[in-house]
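K.L.:
Questions regarding the structure given below will be posed in turn.
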Amino acid sequence: MDVPTAYADGWARARVGDKAGADRYVRHTTVGDPQADAVMEVLARFPEMAVSRWLQLGVESGPEALTDAPDELRAFFSDSRHVPEWFDSSKVVAGNRAFFAHSEMILGAFVAAVLIEGFTTLISKSFSITGRLVDQGVRRLQQNNRHLVEIFLPGGLEPGADGWKLSVRIRLMHARVRRLLLASPEWDAAAWGVPLSAAHTALATSLFSAVLLRRAEALGVIFTLSERDAFMSIWRRSAQLMGVAPELLIRDETEAWRLYEVGMRCEPPLGVESVQLAHALIHSAPVVSGITQPAERQALASLIFKVSRALIGDSLADQLQFPAQSTRGVLWSLRWKYRTARVLSRWVPGMADRRRHKHFGRLLDVSLYSERGISYQLAQHVHAEQDPVVPR
């Protein structure tokens, strides 16, 4: 097997506990998304204005509207509109309700733990080279939040719904950035494999599903078995739309956790890029929250550093050069406050409704919405600062 040099040591260690899983993961570090990559290869022959128009038509109106587009693009959108037999949006309502009932803590776990853990992998190289987090951290975090919100809205992953659109758009954007990076002298394929590889896309969805559930539980959320199953089904569908390879497409929480564990064992030790991205992400969060005063921003960033350290552990936090501080009692305090507030909301008239409205409003505030709708303009350059910033 052609193993990228950066993965050699981790792969060897991971094989001791799960040979098949480690081999499968590392094999996919050299694979992108064959269908989407082939589409990007074809679209490279056409002007960007035509490409953006075709992508918008394909997403908004379906392949039938692409009368003058390449066959490969029509086939891509035809396949994207196919709903697999294992997904039924009417049967994941428990997951929809759980997300919005606990959105405050789920988003907290998403930012303070899950995203940071994801950036400790070699995917950090892609984001660091392109500058799509360090230079555009606030925008990127808002985009991530919106995707999360939209896929958990009832029917959000049905063809034509915004969760479906954003998942497909992520797949297309990844394919374009992957093509740009592979052509860049800054990318070392022999050492790192393929940028935004099939392995990393699958690992990200395991983090956003099974790991997110457990990190949210550490903050005080209690999920029922039906809520957990529905949560995982929603993420499985989104992962499929984002182009996760069928052999890495998780079916349940157990599979997702196993993929997460073997993937993290295969990944090389984190580098300076992971440190930069983690700090950029945490310092972006107060801005996304609408805090304008420097002292208040710093106070919130300090709190996020502390909560993050408590969630990801001292060892990883130290590697990421987080501020040294005690986390004793941090998670216990958060759990107590959260569960107390939920108990009170059941007994105080009108409190539950006010709480739901407040948190839904906050979800919209920290997510990226534009009056112009979703943009289908793809990256044109490796470095994000060379691309025009458009509402997405």
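Please treat every number below as a calculation from the coordinates, not as lab data. Nothing here was measured: the structure is a model prediction, and the numbers come from that model. Reconstructed Cβ throughout: ideal geometry from the backbone, glycine too, with neighbour counts over all protein chains shown.
K.L.:
Taking neighbour counts of Cβ atoms within 10 Å as a proxy for exposure, in what order, fewest first, do 223, 46, 231 appear?
P.N.:
On the way: 223 20, 46 14, 231 25.
Least to most surrounded, the residues fall as 46, 223, 231.
K.L.:
Taking 51 Å as R0, compute the FRET efficiency from the Cβ-Cβ separation of residue 189 and residue 293 and round it to 0.05.
P.N.:
0.65
K.L.:
Describe numerically, in nm with one decimal, the distance between label points set 7 Å from Cα along Cα→Cβ at residue 19 and at residue 90.
P.N.:
The answer from the label model is 4.7 nm.
K.L.:
If a paramagnetic tag sat 7 Å from the Cα of residue 38 along the Cα-Cβ line, which residues of the stretch 247-265 would have the backbone N under 20 Å from that point?
P.N.:
Of the residues in the stretch 247-265, 247-249 have backbone N under 20 Å from the label point off residue 38.
K.L.:
Using only DSSP helix segments of four residues or longer, with each worth -39500 (n - 2.57), what per-residue ellipticity at 222 nm results for the chain after dividing by its residue count and rounding to 500?
P.N.:
Values: 21 runs with 244 residues, N = 392.
Computed ellipticity for the chain at 222 nm equals -19000 deg cm²/dmol.
K.L.:
I would also like to ask the following. For the stretch 157-300, rounded, prolate or oblate, judged on the Cα gyration tensor with a ≥ b ≥ c (square roots of eigenvalues), a/c < 1.5 rounded, else prolate if a/b > b/c?
P.N.:
Details: a/c = 1.40, a/b = 1.01, b/c = 1.39.
Rounded shape, in that the Cα axes give a/c under 1.5.
K.L.:
According to a simple spin-label model (label point 7 Å from Cα along Cα-to-Cβ), what is the distance in nm between residue 64 and residue 52?
P.N.:
2.8
K.L.:
Treat the count of other C-beta atoms within 10 Å as a stand-in for reagent exposure and order 296, 85 from fewest to most.
P.N.:
Values: 296 12, 85 6.
Result, fewest neighbours first: 85, 296.
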